[in-house]
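J.: Shown below is the structure under consideration.
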């Protein structure tokens, strides 16, 4: 039997310095939660990131995920093993920048230079925002200010730490991307906890949803395995607390609340759930979502301005059903609708003889990021049966779609917003398609005579009624939403300075909120103008 060749010390070292994970475990030291100096051995989520990272990376996480420490280690590793390269660490304020750089310098200090002088280039210059090594490599740490970051140099690795708290996110990101070295090994890493709806939220969700983003999204929920270690002491405290409150008994699966059962099924063990209850003794559920999310959208909640109860929105998101598969509905749909099935048109329940109510919000169809036409349809019991949204359908085509979808659902009662592009839709429905089951709004002219006008005209005065009625119907359980996109729009629907609408920003829509609210107004009229065939 052939003997396995024993590697020499030099060969072993060569293997270690060629692999970051081995390098970290053997040479890099960090401070753990107990204040002890330990070897840097990557946790499961850090390993997953290192294995999966691409040129453009964005991370959403609960607090203390260890990803800034990981990036510091990567910067040091690359700087020491790749001569004449540059690395940039950007933070959002001076003290956090200093803290990050001190952690990196500590890693560098504890390298075994005396034992392996040939492995670790010496420090040539060390000041408050720069480490320069005698192999020509440099690590720079700066604060995200008004100046372009990285100007005048190119970088192999750029860390944008706590990016969601930058005041000028778009400018910093554009500048960082332009400063990235034009080779296959360079990396940008955006690492942050969330801070409401802003550029970070837009970039992350676009990547997370796979909507043509160059970034790769990584999400780490509060129950990820790394937090078993990070939060171990708090978990112990939480379990003591729970036992003291429950006659010495530990939480069991049969004791879980509905929202906890969802988390349990996703992988949160009972210790995580006892800790969650413990945390909720001194923080609100929305605050918990923001600090310790179980899914990305939880972390973006803005607690002070949301119109809708976010705990109810999130709970509903956990239980929505998938739309029917294309092959289940394709053959029976009107031809004009077939091209849109599961590409803008989503059918949750097939039509059954009875009354249906639809709200319609019209847009130009020009493809603008905040300009979409939408339809929301409910049955008489308040169950959502279908939704449609697209920003690429011109007015004449949208009117045809509204007509076809309304007839498909037994001449649904259509409440079309009359404002702007809604008026030509209404005119086509009545004159071209002879669609009779349309909402009529009561108005008074200047002579004091009452008249009926087709469609709903939204004003500053009645928008609050429109949304208030919808909020009540949803939060009191009188309607049941199935459309994920509608619920996600409800997460960014805010009231500010007496005005209600979506959180302003690219791709922040509220069209489906409006169309759903219009459907509720249709239900409230109690009117019906056709016979159900």
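J.: Which of the peptides 335-343, 398-406, 266-274 is most tightly packed, and how do the rest follow, judged by the mean count of other Cβ atoms within 10 Å per residue?
T.: Output ranking for 335-343, 398-406, 266-274: 398-406, 266-274, 335-343.
J.: Compute the length gained on full extension between residue 22 and residue 253: take 0.36 nm times their separation in residues and subtract their Cα-Cα distance, giving the result in nm to one decimal.
T.: Fully extending the segment from residue 22 to residue 253 adds 79.2 nm.
J.: Using the count of nearby Cβ atoms within 10 Å as a rough guide to exposure, how do 349, 509 rank from fewest to most? Intermediate values should be presented prior to the final figure.
T.: On the way: 349 16, 509 23.
Lowest count first: 349, 509.
J.: Shape call for the range 423-484 from the C-alpha gyration tensor, a ≥ b ≥ c root eigenvalues: rounded (a/c under 1.5), prolate (a/b greater than b/c) or oblate?
T.: Because a/c hits 1.5 or more and a/b fails to exceed b/c, the range 423-484 counts as oblate.
J.: Work out how much length residue 106 to residue 266 would gain on full extension: take 0.36 nm times their residue separation and subtract the Cα-Cα distance, in nm to one decimal.
T.: My answer for the length gained is 53.8 nm.
J.: Treat each spin label as a single point 7 Å out from the Cα along the C-beta direction, and report the residue 113 to residue 469 distance in nm.
T.: Placing both labels 7 Å along Cα→Cβ, they lie 7.4 nm apart.
J.: Using a Debye calculation, one point per C-alpha and no hydration shell, please list log10 I(q)/I(0) for the range 45-117 at q = 0.15, 0.22 Å⁻¹ in order.
T.: Result of the Debye calculation: -0.62, -1.23.
J.: Report the relative contact order of the range 199-347, percent, no decimals, based on alpha-carbon pairs under 8 angstrom and at least 6 residues apart.
T.: 18
J.: Sticking with this one: Once you order the gyration tensor axes a ≥ b ≥ c over the Cα atoms, which shape class does the range 326-525 get: rounded for a/c under 1.5, otherwise prolate or oblate by comparing a/b with b/c?
T.: rounded
J.: Modelled label-to-label distance, residue 436 and residue 96, 7 Å Cα→beta-carbon offset: nm?
T.: 6.3
J.: For all pairs of alpha-carbon atoms in the range 226-303, what percent lies in each bin of width 5 Å, listed from the first bin to the last filled one?
T.: 3, 15, 24, 27, 21, 8, 2, 0
J.: OK, next. Which of rounded, prolate or oblate describes the chain when judged by the alpha-carbon gyration tensor and an a/c cut-off of 1.5?
T.: It is prolate, given that a/c is not under 1.5 and a/b is the larger ratio.
J.: Also, I was wondering about something else. With runs of 4+ DSSP H residues as the only contributors, calculate the mean residue ellipticity of the chain at 222 nm using -39,500 (n - 2.57) per run, divided by the residue total and rounded to the nearest 500.
T.: That calculation yields -11000 deg cm²/dmol at 222 nm.
J.: Any chance you could give the angle, 0 to 90 degrees and rounded to 10, that helix 232-245 forms with the longest Cα principal axis of the chain?
T.: The answer is roughly 50 degrees.
J.: Can you order the peptides 129-135, 483-489 by their average number of other Cβ atoms within 10 Å per residue, highest first? Walk me through the numbers on the way to the answer.
T.: On the way: 129-135: 16.6, 483-489: 20.6.
Those peptides, ordered most packed to least, come out 483-489, 129-135.
Taken together, the values in this text are just the output of simple stated rules run on the coordinates, not laboratory data. What you are looking at is a predicted structure, and each value in this text was computed from that prediction instead of being measured. Cβ: placed from backbone, ideal geometry, glycine included. Neighbour counts: every protein chain shown.
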